[in-house]
Amino acid sequence: MSSQMTEYPFLDQLAHRFSLPVPEHLDASAPRPEIRDALERWGGKGVVKADVMSGGRGKARVVKVVDDVQQAMAELRRLAGAEVNGMPARTAYITQFIPSDLQIYSAVTYDSRFLGPSLTVSMKGGVDIESVEDRFKQTIPVNVFRGLDAYQASQLLEGLNCPKPLISILSRTLVAFWDMFISTGMRMCEVNPWRVGPDNVPYACDFKAVFDEANFKLKEANLRFPDYPETVTEFEEEMAAWDASSYRGQAHVSDLGGHLVLPILFGGGASTIITETLEIAGGSPIFLSDFGGNPPYERMVGTAERCFRHHLAKASTLLILGGKANNTLIDVTFQAVGDALAHHFEEHGRVEIPVVIGRGGPRMVPAFLAMRETLESLRLPYVIFGHDTPVTLVAEYAARLAKFVETRKEAQRAT
């Protein structure tokens, strides 16, 4: 189970606890004179944002720079009713505008390559972070017992050619960022971007985090997670009913509004890491899924059939991925997924789509052989990774492949 947090509750509850520099802010209920005074104090500019449980706010045009109180009030009203990727906003708020030529991206998450948490930083943050080349990003493991120290952070920043006057304060800020992550039971957290103001202070200007509800540190943190309006899709409703119909195996999904990778994922922790990796790498996952719990054949067939019926036609890559299983018989689940795919082709027609596979665990070789036989009979291109390949690398590969396939589709449509 997980809870999520966006920028607005972060500004209200978390930033000050860990001395993270953030812009001043006011919510939509602030009276007009207070907003007018704030704009004057901020040099005449503010940023109005929709508080919505979805990424991509900048590209969705629900972040608006304003320079007078009348415009601010109008945008607060408009964005309070905005919708992003099918998710309606809870409210709107206004923050201080931080003028900056430098935007920095940072994220902490659990990484299977290191068997623990890692810190990723790029000096090219902002709305286009998904398209930033790997050479402009650096990821380092962080020892969960020793934590992140300023020396590690400064070495990372030097490797990214961070301006020297910023290295000291940004290193201390990243240490505080790590402290927040490890002290509150987070699975992942991200600031994109940190905007470096004229005072050379990096301000956190957007934030998102996923928390592990089973982590005792989250309970001790005593955080309040606001209720967001929900728009439940037909797919989510059908999958929720299917999940509730049996205790044998999980069928958990959450629609993300993506359009590239159709993810058939196994394992709660692995699913979160894989989905975040897909998003960061530009793979635009269609939904978050967790189909572990050793589902029997009939259960897994039904789960896969529903995913394919709703989403296979629009996807650019099918990803079947999980960590090394402990109790799930992966030959059973793979046979079920392959049979569901073959049945979908019989019922709904052929779909040209590459398949990326990664898994490990009991009966791995029979599982891969069964999947290979099915995919070759369907004449689908595929690649299979064993348990020795980190799931993050497999997810990054799937994201790159999906973007390549989508580009070819667009070129074909244009001609």
From the alpha carbon gyration tensor of segment 304-415, can you work out the equivalent ellipsoid semi-axes (sqrt of 5 times each eigenvalue) and give them in Å, largest to smallest? 24, 18, 11
With each label point set 7 Å from Cα along the Cα-Cβ vector, what nm distance links Arg32 and Gln138? 5.1 nm
So what J values fall out for segment 57-69 if you push phi through Karplus, 6.51 cos²θ - 1.76 cosθ + 1.60 with θ = phi - 60°, rounded to Hz, Gly and Pro as x? 5, x, 5, 7, 6, 10, 10, 10, 7, 10, 10, 8, 5
At 4 °C and a viscosity of 1.567 mPa s, what translational diffusion coefficient does Stokes-Einstein give for segment 236-283, taking Rh as the Kirkwood radius over Cα pairs? Give it in µm²/s as a whole number. 108 µm²/s
So how strong a dipole does segment 130-182 carry about its Cα centre when Lys and Arg Cβ are +1 and Asp and Glu Cβ are -1, to the nearest 20 debye? 160 debye
Just to be sure I understand the curve: with the Debye formula and one point per C-alpha of segment 256-342, what is log10 I(q)/I(0) at q = 0.11, 0.20 Å⁻¹? -0.27, -0.90
Long-range amide H partners of Gly197 with built H, under 5 Å: Tyr203
Within the accessible area of the chain (1.4 Å probe), percent carbon and sulfur: 50 percent
Mind scanning Lys49/Lys208; Lys314/Lys403; Lys137/Lys403; Lys49/Lys314 and naming the pairs with a C-alpha gap bigger than 21 Å? Lys49/Lys314
Projected onto the charge dipole of the chain (+1 at Lys/Arg Cβ, -1 at Asp/Glu Cβ, origin at the Cα centre), which of Ser106, Gln13, Ile286 gives the Cα projection farthest towards the positive end? Ser106
Please report the equivalent ellipsoid semi-axes of segment 109-258, computed as sqrt(5 x eigenvalue) of the Cα gyration tensor, largest first, in whole Å. 34, 19, 16
Can you give the net charge of the other residues whose Cβ lies under 13 Å from the Cβ of Ile35, counting K and R as +1 and D and E as -1? -3
Distribution output for segment 350-394: share of Cα-Cα pairs per 10 Å bin in percent, first bin at 0, values 27, 50, 22, 1
Based on the Cα gyration tensor of segment 1-54, what are the three equivalent ellipsoid semi-axes, each the root of five times an eigenvalue, rounded to whole Å and given largest first? 24, 14, 9
Starting from the Cα of Ala241, step 7 Å along the direction of its Cβ; do the same at His387; then give the gap between the two resulting points in nm. 3.8 nm
Loop GluC sites (Glu not before Pro), segment 145-242 (other Cβ atoms within 10 Å of the site Cβ: 16 or fewer; DSSP): Glu213, Glu230
Can you tell which of Asn222, Val63, Leu329 lies farthest toward the positive end of the dipole of the chain, using +1 and -1 charges on the Cβ of basic and acidic side chains (Lys, Arg; Asp, Glu)? Val63
So what are the three principal axis dimensions of segment 173-305 from its Cα atoms, in whole Å, longest to shortest? 61, 35, 27
Counting only heavy atoms of protein chains, what accessible area per residue, in Å², does the chain have with a probe of 1.4 Å? 46 Å²
Using only the alpha-carbon atoms, how far is helix 297-311 inclined from the longest principal axis of the chain? Give it as 0 to 90 degrees, nearest 10. 60 degrees
Along its three principal axes, how long is the chain when you only count alpha carbons? Whole Å, largest extent first please. 67, 50, 46
Taking the Cα centre of segment 1-131 as the origin, how large is its charge dipole in debye, to the nearest 20, when only Lys and Arg (+1) and Asp and Glu (-1) carry charge on their Cβ atoms? 200 debye
So what are the ³J(HN,Hα) numbers for segment 12-23, from phi and the Karplus equation (6.51, -1.76, 1.60; θ = phi - 60°), rounded to whole Hz, Gly and Pro as x? 6, 10, 10, 4, 5, 5, 10, 6, 8, x, 9, x
On a 0 to 90° scale, report how tilted helix 391-414 is relative to the longest principal axis of the chain, with both axes built from alpha carbons and the result rounded to the nearest 10. 90 degrees
If you take the alpha carbon radius of gyration of segment 1-131 and divide it by 2.2 N^0.38 Å, what ratio comes out, to two decimals? 1.15
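The values are calculated or read from the model by the stated rules, or taken from the named source; none is laboratory data. Not measured: the values here are computed from a predicted model. Virtual Cβ from ideal backbone geometry, glycine too; neighbours counted across all protein chains shown. Quick note on the areas: whole protein, heavy atoms, side chains included, nothing else; ligands and nucleic acids left out. Shrake-Rupley method; radii C 1.70, N 1.55, O 1.52, S 1.80 Å.
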